[in-house]
Amino acid sequence: MLIVGCDYHPGFQQIAFVDMETGELQERRLAHPEEAEKFYRELAASGVKVRVGMEASGHARWFERLLAELQFELWMGDAATIRAKRVRKQRTDRHDAQHMLNLLLEGRFPRIWVVSWENRDLRQLLWHRHRMVTMRTRIMNQLQAVAINEGLRCKKRLWRERGRKQLEAFPLARWASRRRRDLLELLDRLNPTITELTQAIEQEVEKYPEAQRLMTHPGVGALTSPGLRADHRRRGAVSVREASGELCWSSSDRRVQRRSTKVRTYQQARQQPIAFLHGRSGAGNGTERSGMAEQVFSSRHAPRTEDR
């Protein structure tokens, strides 16, 4: 078996690896992606088993996909713990790779749980919709400002047919009129996209019983029902305590937990922080410390003008 300590960078990786049968230690610097892919494919062709240990730093999706394709073990380590275990102050790429290799060989590598590929793809859906809604909110706020400057203050009624006609009828200067027209065009293009993404999320929610169970609580819908198999102690996560019938929203700023017996409005629900899309472990690839169960599904709440 080959044990590899990998100091990963976006443009290259410095590796230190040892053959457990012969005890031979080698070091290499591999450029991304061609040289690194060639190296690992040659190892796969030779039939040797490989275990790679690296810090959970993100921006390595292609590398993780390559190792999964070659059926190599990939251990993600908590970056802060790896740094804390370092003895010498001097840091170079070679020393970092050697340090991770030593942790692997000594059985002290701080391995963390990594989200499945299926959930990563779901995160892309959730994050994409969240960004689209954020863009729409900014556009709507700008159009609201245009209307208010012209003496029209109708809040959400601005997006109805009558309000839209009033907004378009304002006599504006040349570039202000151009700005209004462009913003309305962008709004008309974003609305169908967000509707399509929302329908896709609702279809995905049907696959997860945990999310459907959360939707039985007042004020919690398909977009605000992160069904988890996660430990309720995880900060920023949501879990259902079936024994007590309590809906726990446990946040990083330690807000008061609310009982499910209280009526929760949509505005209350959407303000709760969800760590699913942002990963609280410091890793960019959505990792979590070992000991936590796998997350199933989650969503980011909509901005303040959502569904108005």
Among (1) out of contact with any strand residue (DSSP E or B) (no Cβ under 6 Å at 6 or more places or on another chain); (2) modelled with pLDDT of 90 or more, the one test that Arg86 misses: (2)
Test: residue in segment 104-116 that is exposed (fewer than 15 other Cβ atoms within 10 Å of the Cβ), modelled with pLDDT of 90 or more, basic (Lys, Arg) and not in a helix (DSSP H, G or I): yes
Any hit, segment 104-123, residues being under 20 Å from Glu27 (Cα atoms), hydrophobic (A, V, I, L, M, F, W, C) and in contact (Cβ under 8 Å) with a residue 60 or more places away in the chain: yes
Qualifying residue in segment 10-31 (condition: within 15 Å of Leu103 (Cα to Cα) and part of a helix (DSSP H, G or I)): no
Candidates Arg136, Arg120, Arg111 - the one that is closer than 19 Å to Arg83 by Cα and of a type in the set (Lys, Arg): Arg111
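Would you confirm whether or not segment 41-51 contains a residue that is β-branched (Val, Ile, Thr), outside the structural domain of Arg160 (by TED's automatic domain parsing) and surrounded by 13 or more Cβ atoms within 10 Å (Cβ to Cβ)?
Scanning segment 41-51, I find at least one residue that is β-branched (Val, Ile, Thr), outside the structural domain of Arg160 (by TED's automatic domain parsing) and surrounded by 13 or more Cβ atoms within 10 Å (Cβ to Cβ), so the answer is yes.
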Odd one out for Gly151, checked against (1) in contact (Cβ under 8 Å) with a residue 12 or more places away in the chain; (2) outside any helix (DSSP H, G or I): (1)
One residue from Val133, Val146 being surrounded by 15 or more Cβ atoms within 10 Å (Cβ to Cβ), in contact with an Asp or Glu (Cβ under 7 Å, 6 or more places away or on another chain) and either of a type in the set (A, V, I, L, M, F, W, C) or modelled with pLDDT of 95 or more (or both): Val133
Those residues of segment 44-60 which are under 20 Å from Met100 (Cα atoms) and in a helix (DSSP H, G or I), in sequence order: none
Residues being part of a helix (DSSP H, G or I) and over 25 Å from Arg61 (Cα atoms) - total across segment 74-102: 1
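The values are calculated or read from the model by the stated rules, or taken from the named source; none is laboratory data. For clarity, every value in this text was computed on a predicted model and none was experimentally measured. Ideal geometry is used to build each Cβ from the backbone, glycine not excepted, and the neighbour counts take in all protein chains shown.
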